[in-house]
Amino acid sequence: MASERILIVDDDLDMLEVLGLYLTKNGFSVHLAEDGYQAIECVDKINPDLILLDVMMPYLDGYEFCQMIRKKSEIPILFLSSKEEDVDKILGLGVGGDDFIPKSTSMPVIVAKVKAHLRRHRVLSTKVEGETTYATAKQIIYPGILIKPESIEVIAHGKQVKLSAKEFQLLYLMASNPNRVYSVEQLFELIWGVNSLGDHRTVMVHISNIRKKIEHNPEDPQYIQTIRGIGYRFTSEQRN
């Protein structure tokens, strides 16, 4: 079995070297890029299985690079940054990142996160909860919304909306089980495939993004409702 390809993008050469060596020792095929433009060339050349991406880089920053990749691929993108403010995490997740890892994180934890995201991506590229594949899964129809798993499409209020892979997986999971209440921890484990390694605010950001795309009024959502102190549920009963 060929080694999974990891692309590390960072203008910090010491970070590139240390993280590259650590991932190589863990059996990955590691490729390095020092800025966003080198990374674009590398993506086209090697088709990586996962990208570890710095935020602050010359010429093309991590957010811009992530947006470009998301136009053509849903591979896991993990931001690796010295910036740890919530606003930076929200921005990174909002442009399509799958995780936001502080550079102060230990190397074993970074590797564990890489393995977890790769494992989950392998499963969710072909499966949803249970053993149903997207190719054979049934469409989900509720008033005002149509979810088409075979083509990964969502039509909300007569307009097609574009969801990231994780956003689609969250919506499909909850819409497949209407009125079931999921805790944030359950959603994180089901979609991201990890528990204690994850920042559960990731779920909240993705839910917020979904609401902005499918709800008439994201501040008063009718589809994805917050159950205070517990989590979220998708409701099949729409208000007039």
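The values are calculated or read from the model by the stated rules, or taken from the named source; none is laboratory data. Just so it is clear, the structure is predicted and the values come from calculations on it, not from any experiment. All Cβ positions, even for glycine, are placed from backbone atoms using ideal geometry, and neighbour counts span all protein chains on display. Surface accessibility is based on the protein's heavy atoms, side chains included, excluding ligands, DNA and RNA. Shrake-Rupley method; radii C 1.70, N 1.55, O 1.52, S 1.80 Å.
Please give the calculated 222 nm ellipticity per residue for the chain, where each DSSP H segment of at least 4 residues contributes -39500 (n - 2.57) and the sum is spread over every residue; nearest 500 deg cm²/dmol?
Here the helix-only value at 222 nm equals -12500 deg cm²/dmol.
Using a cut-off of 25 Å between alpha-carbon atoms, which lysines can reach K162, once sequence neighbours fewer than 8 places away in the same chain are excluded?
K71, K72, K89, K127, K138, K148, K212, K213
May I ask you to list the lysines whose Cα is less than 16 Å away from that of K25, ignoring any residue fewer than eight positions away on the same chain?
K113, K115
State the extension gain, in nm to one decimal, for the chain segment bounded by E85 and R180, taking 0.36 nm per residue of separation less the distance between their alpha-carbons.
Length gained, E85 through R180: 30.9 nm.
What number comes out for accessible area per residue over the stretch 1-52 if the probe is 1.4 Å? Units Å², please.
That works out to 54 Å² for each residue.
Assuming a ≥ b ≥ c are the square roots of the Cα gyration tensor eigenvalues, decide whether the stretch 1-85 counts as rounded (a/c under 1.5), prolate (otherwise, with a/b larger than b/c) or oblate.
Since a/c reaches 1.5 but b/c is at least a/b, the shape of the stretch 1-85 is classed as oblate.
How much length is gained if the chain between K138 and L21 is pulled fully straight, taking 0.36 nm per residue apart and subtracting their Cα-Cα distance, in nm to one decimal?
My answer for the length gained is 37.7 nm.
For the chain, what is the charge dipole size about the Cα centre, in debye to the nearest 20, if Lys and Arg each add +1 at the Cβ and Asp and Glu each add -1 at the Cβ?
So the dipole magnitude of the chain works out to roughly 1120 debye.
Sum up the charges of everything whose Cβ sits under 14 Å from the Cβ of I230, counting Lys and Arg as +1 and Asp and Glu as -1, but leave I230 out.
+2
How much accessible area per residue does the stretch 134-186 have, counting only protein heavy atoms and a probe of 1.4 Å, in square angstrom?
Result: 48 Å² per residue.
Say the dipole of the chain comes from +1 at the beta carbon of Lys and Arg and -1 at that of Asp and Glu; which of I6, S151, I191 then lies farthest toward its positive end?
The residue sitting most towards the positive pole is S151.
Using a 1.4 Å probe and counting only protein heavy atoms, arrange I40, I51 so the residue with the most accessible area comes first.
From most accessible down to least: I40, I51.
Classify the stretch 57-105 as rounded, prolate or oblate, taking a ≥ b ≥ c as the square roots of the eigenvalues of its Cα gyration tensor: rounded when a/c is under 1.5, otherwise prolate if a/b is larger than b/c and oblate if not.
Because a/c hits 1.5 or more and a/b exceeds b/c, the stretch 57-105 counts as prolate.
Once you sort the root eigenvalues of the Cα gyration tensor of the stretch 141-183 as a ≥ b ≥ c, which label holds: rounded (a/c under 1.5), prolate (a/b larger than b/c) or oblate (the other case)?
oblate
Ignoring ligands, DNA and RNA, what percent of the accessible area of the chain is carbon or sulfur (1.4 Å)?
On the chain, the fraction of accessible area on carbon and sulfur atoms equals 51 percent.
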